[in-house]
1. Name the single residue that is surrounded by the most Cβ atoms within 10 Å (Cβ to Cβ) among those in region B:1-11 being in a loop (DSSP other than H, G, I, E, B) and within 14 Å of the chain's Cα centre (by Cα).
2. Tell me which of these residue B:49 doesn't satisfy, since it passes every other one: (1) within 26 Å of residue A:92 (Cα to Cα); (2) more than 14 Å from chain A (Cβ to nearest Cβ); (3) within 10 Å of the chain's Cα centre (by Cα); (4) of a type in the set (S, T, N, Q).
3. Select, from A:60, A:54, A:26, A:79, the only residue that is away from chain B (no Cβ under 14 Å) and of a type in the set (A, V, I, L, M).
4. Among the candidates B:60, B:99, single out the residue that is of a type outside the set (A, V, I, L, M) and within 14 Å of another protein chain (Cβ to nearest Cβ).
5. Test of understanding: among A:113, A:39, A:77, which residue is out of contact with any Cys (no Cβ under 8 Å at 6 or more places or on another chain), under 25 Å from residue B:101 (Cβ atoms) and modelled with pLDDT of 90 or more?
6. Would you pick out the residues in region B:77-109 that are over 23 Å from residue A:102 (Cα atoms), in a strand (DSSP E or B) and not hydroxyl-bearing (Ser, Thr, Tyr)?
7. Within region A:87-113, how many residues turn out to be more than 10 Å from chain B (Cβ to nearest Cβ), touching a residue at least 60 places away in the same chain (Cβ under 8 Å) and surrounded by fewer than 22 Cβ atoms within 10 Å (Cβ to Cβ)?
8. Residue A:66 - would you say it is in contact with a Lys or Arg (Cβ under 7 Å, 6 or more places away or on another chain), over 27 Å from residue B:39 (Cβ atoms) and either more than 14 Å from chain B (Cβ to nearest Cβ) or not in a loop (DSSP other than H, G, I, E, B) (or both)?
Amino acid sequence: EPEVTQTPSHQVTQMGQEVILRCVPISNHLYFYWYRQILGQKVEFLVSFYNNEISEKSEIFDDQFSVERPDGSNFTLKIRSTKLEDSAMYFCASTEENTDTQYFGPGTRLTVL
Amino acid sequence: RKEVEQDPGPFNVPEGATVAFNCTYSNSASQSFFWYRQDCRKEPKLLMSVYSSGNEDGRFTAQLNRASQYISLLIRDSKLSDSATYLCVVRSRGQNFVFGPGTRLSVLP
């Protein structure tokens, strides 16, 4: 069964450093999403991406965040200058066109020290 | 008012029990509704979509009341493996998915 993959599974970084989280969505999916989940809190929408551009973003997704689809398979989330409060699980998800069924990747645990 | 609210939980029930979770949403334009389950430190996984007429999948039954902006999930004959956090998710057309805070279920032997 096709699945969304994410790397790394755990990233530890120093405050102020840049991190790039990587996702490989399911190959025939066209919509891509990033979510974050701070430990013990709810899943929060960050950004959606379609046709090589951002289709929607939340208030959390400020200038420190960016997304990119550098090639036909990868979908990345970059945090330019990490803060302590960026520590969370980051989930990537994808959907086919004309469907609401999201498939989530296993997540990347980001720890900012 | 929060966009999606759920029973605060946790729910601790014995094996074989029937348990019901409730969810309310604030955006009357919401069009798609889902229940996901999330195991500890894992990704959310779709349990079932919720349709206007209600739908059933084995031991799981979901109901939608658009007038009251209310969604429910009923689990019958609960198993130890049902222990997880159950997430109510709502979407308006063309908008992002909004997750509720989740309700944790522990099924006890």
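1. Step by step, filter region B:1-11, then rank; the result is B:7.
2. So residue B:49 meets the others, but not (2).
3. Answer to the check: A:79.
4. Only one candidate qualifies: B:99.
5. A:39
6. B:107, B:108
7. Total meeting the criteria: 6.
8. yes
The values are calculated or read from the model by the stated rules, or taken from the named source; none is laboratory data. Everything numeric in this text was worked out from a predicted model, so none of it was measured. Every residue, glycine as well, gets a Cβ built from its backbone with ideal geometry; the counts of neighbours run over all protein chains shown.
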